[in-house]
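So the structure is just underneath, and the comments pick up after that.
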Amino acid sequence: MITAMIWALMISAAPGFWRVIVGPTVPDRIVAADALSIIMTTTLALLGLVFNNPVFLDIAIAFAVLAFADVLIMAKFFEHGELHL
Amino acid sequence: MSTLFRESAAYVLMAGGAFFSLASVIGIIRFPDIYTRIHAGTKALTGGATLILLGAALYTPSWQISAKLFLIAAFLMATNPIASHAISRACYRHGMRPGLAFIDEYGHSGEKGDRT
């Protein structure tokens, strides 16, 4: 049943790659990739329930932190053209 | 009996979260503007991910895994609006104006040169 939920999540996330590929501007791609990364985080949490292994939850926490920093750095770079850290 | 009720509630929560995730992805594909796409990718997706993680925390019997899932949900609820706000502010300061908006209240404060 959890496996069916993971399949539903992945099938619902698959059309988002269309916006990542053909997005007219750069922020469209950033937003679509951010949405896909959040769906990926929840999928990792559900995989931890399927395999009964808490390592997947640690990977999900690290993935959420890295995706957040990734989006912030890409937005900063898109705003200024270079990184003003 | 209690286990059946708990797992049923968890499945209902997870199905709602999957529906909100699907609605968010459809909104990102179908909406016409970058700001409306940010709107679709922020609220619906935060709610959907939180619902799925709460359902998973209700499904598992051990409280350590539930605590970790609550931690992931709290982190997503804290950081996803910040990331979306950063993207929309970068879009506005890069020069992309919202073409569908009637009132642009950020226009007066954004042109004073307060670059943080």
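Out of A:63, A:56, which single residue is within 27 Å of residue B:85 (Cβ to Cβ) and modelled with pLDDT of 90 or more?
A:63
Could you say which residue among A:1, A:40, A:10 is in contact with a Ser or Thr (Cβ under 8 Å, 6 or more places away or on another chain), open to solvent by 40 Å² or more (accessible area, probe 1.4 Å) and within 18 Å of residue B:17 (Cα to Cα)?
A:10
Between B:78, B:73, B:86, B:57, which is under 21 Å from residue A:25 (Cβ atoms) and in a helix (DSSP H, G or I)?
B:86
Residue by residue through segment B:69-103, note down the ones that are closer than 18 Å to residue A:44 by Cβ and open to solvent by 10 Å² or more (accessible area, probe 1.4 Å).
Correct list: B:70, B:71, B:74, B:75, B:76, B:77, B:79.
Consider segment A:1-34. How many of its residues are within 7 Å of chain B (Cβ to nearest Cβ), within 24 Å of residue B:95 (Cβ to Cβ) and among the small types (Gly, Ala, Ser)?
Number satisfying all stated conditions: 1.
Is there a residue being surrounded by fewer than 15 Cβ atoms within 10 Å (Cβ to Cβ) and either at pLDDT below 90 or more than 8 Å from chain A (Cβ to nearest Cβ) (or both) anywhere in segment B:36-59?
No, that holds for no residue.
Here is a list of conditions, (1) under 23 Å from residue A:62 (Cα atoms); (2) surrounded by fewer than 22 Cβ atoms within 10 Å (Cβ to Cβ), and residue B:14 meets all of them except one; can you say which number that is?
(2)
Find the residue count for segment A:43-53, including only residues that are polar (S, T, N, Q) and either at pLDDT below 90 or exposed (fewer than 13 other Cβ atoms within 10 Å of the Cβ) (or both).
Final tally of qualifying residues: 2.
Would you check which residues across segment A:21-36 are over 17 Å from residue B:85 (Cα atoms) and under 14 Å from the mean Cα position of the chain (by Cα) and list them?
A:36
For the structure I just gave you, tell me whether residue B:65 is within 23 Å of residue A:55 (Cα to Cα) and either within 7 Å of another protein chain (Cβ to nearest Cβ) or among the β-branched types (Val, Ile, Thr) (or both).
Yes; evaluated as a whole, the condition is true for this residue.
In this structure, does residue A:59 turn out to be over 26 Å from residue B:4 (Cβ atoms) and open to solvent by 10 Å² or more (accessible area, probe 1.4 Å)?
The answer is yes for residue A:59.
Could you list all residues from segment B:89-99 that are more than 7 Å from chain A (Cβ to nearest Cβ), in a helix (DSSP H, G or I) and of a type in the set (D, E, K, R)?
The one that is more than 7 Å from chain A (Cβ to nearest Cβ), in a helix (DSSP H, G or I) and of a type in the set (D, E, K, R): B:89.
How many of the residues making up segment A:42-71 are at the interface with chain B (Cβ under 7 Å from one of its Cβ atoms) and closer than 19 Å to residue B:28 by Cα?
3
Which residue is farthest from the chain's Cα centre (by Cα), if the candidates are limited to segment B:20-35 and must be facing chain A (nearest Cβ under 7 Å) and free of Cβ contacts under 8 Å to residues at least 60 places away in the same chain? Spell out the reasoning first.
Here is the first cut: in segment B:20-35, the ones facing chain A (nearest Cβ under 7 Å) are B:21-22, B:24-25, B:28-29, B:34.
After this cut, where a residue has to be free of Cβ contacts under 8 Å to residues at least 60 places away in the same chain as well, the list is B:21-22, B:24-25, B:28-29.
Values: B:21: 9, B:22: 12, B:24: 9, B:25: 11, B:28: 12, B:29: 16 Å.
Filtering first and then ranking leaves B:29.
Based on what the data block shows, is residue A:77 among the aromatic types (Phe, Trp, Tyr), open to solvent by 10 Å² or more (accessible area, probe 1.4 Å) and either at pLDDT 90 or above or in contact with a strand residue (DSSP E or B) (Cβ under 9 Å, 6 or more places away or on another chain) (or both)?
no
The values are calculated or read from the model by the stated rules, or taken from the named source; none is laboratory data. Fair warning: this is a prediction, and the values are worked out from it, not measured in the lab. Every residue, glycine as well, gets a Cβ built from its backbone with ideal geometry; the counts of neighbours run over all protein chains shown. Keep in mind that these areas ignore ligands, DNA and RNA; they rest on the heavy atoms of the full protein, side chains included. Shrake-Rupley method; radii C 1.70, N 1.55, O 1.52, S 1.80 Å.
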